[in-house]
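The values are calculated or read from the model by the stated rules, or taken from the named source; none is laboratory data. What you see is a predicted model; the values in this text were computed from it and never measured. Note: ideal-geometry Cβ built from the backbone for every residue, glycine included; neighbour counts use all protein chains shown. Accessible surface areas use protein heavy atoms only, side chains included; no ligands, DNA or RNA. Shrake-Rupley method; radii C 1.70, N 1.55, O 1.52, S 1.80 Å.
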Amino acid sequence: MKLRALSLTNVRKFAGKTASLSGIGDGITVVSEANEFGKSTFFDALHALFFERFGATGKPVKALQPRSGGSVRVAVEVQTGAGRFVIEKRWLAQKGASVREAESGRLIASDGEAEAWIAGLIGDDRDGPAGLLWVRQGLVGLEPPGSSAADKAEKARLAETRRDLLSSVAGEIDAMTGGQRMDRVLRRCREELDALTTPTGRPSGAWKAAQDEVKDLGQAHDALAAQCAALGDALRERGEVMGEIARLDAPGARARRERDLAAARQEARLAEDHAAKVGRAEQALKIAVLEHGETGRERDALAEAARARTEAEHARRDAAEQAAGTACAATQAERERDLARAAHEEARGALRALQDALGGAHRRETAERDAARARDLADRLKAAEGHRAEAEKAAALVQANPATPARLAAAEAADGEVERLRAALAARRPSLRIDYCGDLRVALGGRDLPHGRDVPFDERASLELPGIGCLQISAGTGRAADPAADLDAATARLAAALSACGAETIETARQSAEARTADAARERLAAGRLDAVAPDGLEALRRAAAEAARAATPAAEPPDSRSAAQIEAELDAAAAPAAAARAAFETAERDLARARENSAAAAATLAAAERACAGALTAAGPSETMEARQREAAERERSAAQTRAKCQADLDELIAAAPDLLSARANLTRAEAAAKAAEKRRNQLGERRSALSAEIGAQASQGVEEQRDELAGRLAAASEREARLAGEVAALTRLRQVLDEARSAARDAYFGPVQEELTPLLNILHADAALSFDSDSMLPRTLSRGPEEEGLETLSGGTQEQIAILTRLAFARLFARQGRQMPIILDDALVYSDDSRIVKMFTALNRAAMDQQIIVFSCRQLAFESLGGQRPDISVTGAL
């Protein structure tokens with residue numbers, strides 16, 4: 001098929017107009033016009049004519065309708081082996097399709113028959129060869145570049161078209177690998193594998209269900225097998241338990257345990273009795289040691305009393321002599337002191353008279369200073385009175401607040417005591433416990449103490465020990481007999497302490513104490529300021545202020561003929577005798593004080609010596625019986641020493657003959673523990689036997705062994721089904737692998753026809769270049785130029801575009817081999833080619849156009865002048 005003319009009526013920019021393209025030749029026809037001329041409109045209209053049914057209203061059809069609306073008409077004149085025909089379609093309004101003879105205008109087919117005629121012309125395989133040979137504007141590669149669902153479907157369609165074309169033209173491949181039959185076998189193999197496995201080869205479908213059934217049955221079988229094993233273990237364990245019970249219940253074993261326990265008790269009882277004898281001997285030895293020590297101390301005390309009496313008598317005589325001497329010295333010192341006092345008083349009177357005279361002389365000179373001082377003291381007095389008022393106010397608050405630190409401390413101590421006594425209430429009363437190992441019993445208050453039970457008692461308890469004596473137990477004198485009563489008393493003390501603080505709780509008492517402390521601090525601050533202003537006190541300051549006020553008023557002084565200088569000279573002359581008299585008086589005072597102190601000390605020493613002497617005489621007793629008493633004490637000391645030695649010997653003899661009490665007790669503990677352990681083990685075994693019998697009965701009633709055998713049969717059948725499916729998957733996988741290997745091995749021959757057509761065209765562009773094809777997509781995969789092989793996606797956009805066009809030319813040659821001549825239509829192709837490459841591409845197009853119709857639409861008018869070819873006639877008319 002070749003195109004000869006094309007006309008569009010009311011299509012896009014040609015609204016209300018008819019655009020015609022005529023004079024299309026056999027080889028290359030170039031439509032080179034400016035942008036917006038309508039080249040892509042011609043391409044889309046031609047595509048719609050062949051591949052959109054006349055009743056279609058989809059996007060490709062609506063895209064042809066101008067904004068003004070109306071019917072869209074496209075007509076094309078084609079030449080086939082049967083002649084020339086005009087194909088016409090109308091969409092959206094006045095819909096219809098027709099095929100007429102070009103010369104006579106005779107109607108060949110209309111509407112549906114026309115659609116069938118067109119399908120027979122281009123091939124009924126979807127978009128036919130045009131999907132491979134017609135390149136829209138902006139399409140660089142051999143497939144749509146997008147990844148949408150529509151793009152993926154278009155890619156799959158184009159791949160299938162290429163596959164069908166190659167399979168149909170490669171007859172020798174059909175003999176080797178089955179061609180299209182091989183493709184169908186591979187599809188069937190994949191479908192059956194997909195029904196049994198996932199894309200990654202994991203089980204799915206019937207195979208997965210079989211595996212799950214085997215797994216479930218296996219787990220159920222394992223569970224029943226485990227129950228059967230547990231049943232066998234229970235039967236075996238019950239036999240072992242019953243055997244051990246028989247051994248424990250054997251008469252000989254029970255009698256042996258009883259004899260062992262009785263012997264251990266007898267041995268422990270004898271050891272305890274001997275230990276009691278040793279305890280009594282130790283007690284006797286302790287008493288003998290105490291008596292021996294007491295007799296020795298009595299002897300030493302008599303000797304010490306005799307010596308102390310002699311020393312006390314000597315000390316009393318020495319003290320009496322010393323007291324008489326110090327009394328005489330004190331009397332003499334008092335007479336000397338009286339004489340010095342009289343001389344001192346006389347000198348002091350004379351000195352005072354001179355000082356008064358000198359003061360009168362100076363008072364006139366200091367009158368002005370006294371006035372200034374009076375004013376200063378008045379100001380200080382005012383400030384001091386303010387400080388005193390503040391101190392008195394704070395003191396009143398302190399006085400009114402009873403929460404003193406001592407009272408707060410007492411309250412906190414009482415609160416702590418209450419808390420302690422409350423804790424003491426949780427403590428239990430003292431108790432005792434006894435575990436008997438024999439027939440003897442200990443009595444408390446005339447009643448035997450029970451075995452192995454705590455018995456409480458109060459502060460004291462008296463235990464009656466048969467064959468030993470009475471044992472007194474005291475809980476301690478410091479232990480409170482009644483903690484509750486103590487708590488009540490402590491609570492009362494706490495209430496009293498809080499009342500003393502003027503508070504109801506310990507927290508309010510603390511707050512009152514803090515307030516009192518703050519008031520006391522303000523009082524101290526005010527007092528400190530008062531002390532700073534009036535260091536000698538407020539009254540002294542008042543007096544000083546009053547005196548300063550009086551001093552500020554000159555007073556009449558008695559007349560004195562002496563000058564101040566004369567009075568000062570006389571005062572200086574009298575000062576030395578007065579100082580000497582005062583020093584002599586002070587010395588006499590000190591001497592008298594020392595004499596009196598010495599006399600008093602001597603008198604006290606004498607009194608002490610007399611008391612010590614009287615005490616020594618009393619302690620020593622009559623002197624005439626002292627020697628007899630000392631002899632008696634020495635005799636008692638010797639007798640006590642002999643008794644002590646005998647008690648020590650008796651104790652040593654008992655200790656030497658004593659059996660090992662700890663070993664006897666340990667042996668008794670062992671025998672009792674063995675008897676208890678045997679009894680406990682017998683009870684445990686009985687309980688275990690009952691539990692095992694119940695478990696065996698329950699499992700036997702469930703028929704687990706029969707269930708296990710039934711599941712084993714089902715498991716074997718399921719395993720056989722799973723193995724059969726696994727074998728089928730393995731066979732299908734192997735078949736697919738063999739077919740893929742066969743097709744891969746035949747790939748070169750499979751792609752031989754397209755390589756045969758492509759190689760001359762490719763060599764025009766790249767000398768010694770070759771393309772390899774992908775067996776799945778049927779598209780070029782790599783480009784080899786010399787030793788280097790490059791992936792198609794790594795090449796530049798221009799190179800990819802050039803290879804895509806050359807590949808389309810080769811596929812067009814394959815269609816021509818089948819007798820399906822289809823024009824190659826390129827809309828604005830070769831947009832990325834440089835000047836050198838585009839000339840080579842023009843050469844390749846002209847080579848292909850020697851027996852192939854090629855129609856090129858382009859806006860690059862200057863560049864495509866070098867393409868050559870024929871320029872068609874283009875006309876646009878305004879008549880509908």
*Among the listed pairs Lys13/Lys95; Lys17/Lys59; Lys2/Lys59; Lys59/Lys840, give every one whose C-alpha distance is greater than 32 Å.*
Lys59/Lys840
*asked:* Just the number please: accessible area per residue for the chain, 1.4 Å probe, all protein chains included, in Å².
replied: 56
*Please report, in whole Å, how far the alpha carbons of region 430-474 spread along each principal axis, starting with the longest.*
28, 22, 14
*Could you give the angle, 0 to 90 degrees to the nearest 10, between helix 704-745's Cα long axis and the longest principal axis of the Cα atoms of the chain?*
50
_I need the calculated FRET efficiency for the pair Glu345 and Asp318, taking r as the beta carbon distance and R₀ as 56 Å, to the nearest 0.05._
0.85
*asked:* Need the full-extension length gain, Leu795 to Leu290, defined as separation in residues times 0.36 nm minus the C-alpha distance. One decimal, nm.
replied: 169.6 nm
_Could you tell me the center-to-center distance, by alpha carbons, between region 635-689 and region 10-81 in angstrom?_
127
*Ignoring ligands, DNA and RNA, what percent of the 1.4 Å accessible area of the chain is carbon and sulfur?*
53
*Give, rounded to the nearest 20 debye, the magnitude of the charge dipole that region 430-474 has about its Cα centre when Lys and Arg contribute +1 at Cβ and Asp and Glu contribute -1 at Cβ.*
20
*Could you calculate the FRET efficiency of Glu632 with Ala608 from 1/(1 + (r/R0)^6), where r is the beta carbon distance between them and R0 is 25 Å, rounded to 0.05?*
0.15
_Cross-link candidates for Lys676: which aspartates and glutamates have Cα within less than 12 Å, leaving aside residues fewer than 8 places away along the same chain?_
Glu258
*Could you work out the mean projected area of the convex hull around the alpha carbons of the chain, in square nanometres to one decimal?*
109.7
_Between 0 and 90 degrees, rounded to the nearest ten: what's the tilt of helix 797-817 against the longest Cα principal axis of the chain?_
40
*How far, in degrees from 0 to 90, does helix 661-702 lean away from the longest principal axis of the Cα atoms of the chain, to the nearest 10?*
30
*Compare the peptides 300-308, 264-272 by average per-residue count of other Cβ atoms within 10 angstrom and give them in order, highest first.*
264-272, 300-308
*Could you list the residues of region 318-333 with an amide nitrogen less than 19 Å from a label point located 7 Å from the Cα of Arg594 in the Cα-to-C-beta direction?*
322-333
*For the chain, with only Lys/Arg (+1) and Asp/Glu (-1) charged at the beta-carbon, what is the dipole magnitude about the Cα centre, in debye rounded to 20?*
2640
*Report the one residue of Asn598, Ala731, Val185 whose Cα lies farthest in the direction of the positive end of the charge dipole of the chain (charges on C-beta: Lys and Arg +1, Asp and Glu -1; origin at the Cα centre).*
Val185
*Hey, with R₀ at 30 Å, roughly what FRET efficiency would Lys95 and Lys13 work out to, going by the Cβ-Cβ distance, to 0.05?*
0.85
_Rg and Dmax [Cα atoms of region 244-394; Å; Rg one decimal, Dmax integer]_ = 49.8, 137
*asked:* Per DSSP helix of 4 or more residues, -39500 (n - 2.57); summed, then divided by the residues of the chain. What does that give at 222 nm, rounded to the nearest 500?
replied: -23500 deg cm²/dmol
*Which stretch or stretches of region 74-111 have amide N atoms under 20 Å from the point lying 7 Å from Ser68's Cα along the Cα→Cβ direction?*
74-75, 90-95
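Rank-order 725-734, 431-440 by packing density, defined as the average count of other C-beta atoms within 10 Å over each peptide's residues, highest first.
725-734, 431-440
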*Along the charge dipole of region 784-859, which of Ile803, Ala844, Phe815 sits closest to the positive end, that is, farthest toward it, with unit charges on the beta carbon of Lys, Arg, Asp and Glu (+1, +1, -1, -1)?*
Phe815
*Select from Ile108, Gln566, Ser71 the residue farthest towards the positive end of the dipole of the chain; place +1 on Cβ of Lys and Arg, -1 on Cβ of Asp and Glu, and compute about the Cα centre.*
Ile108
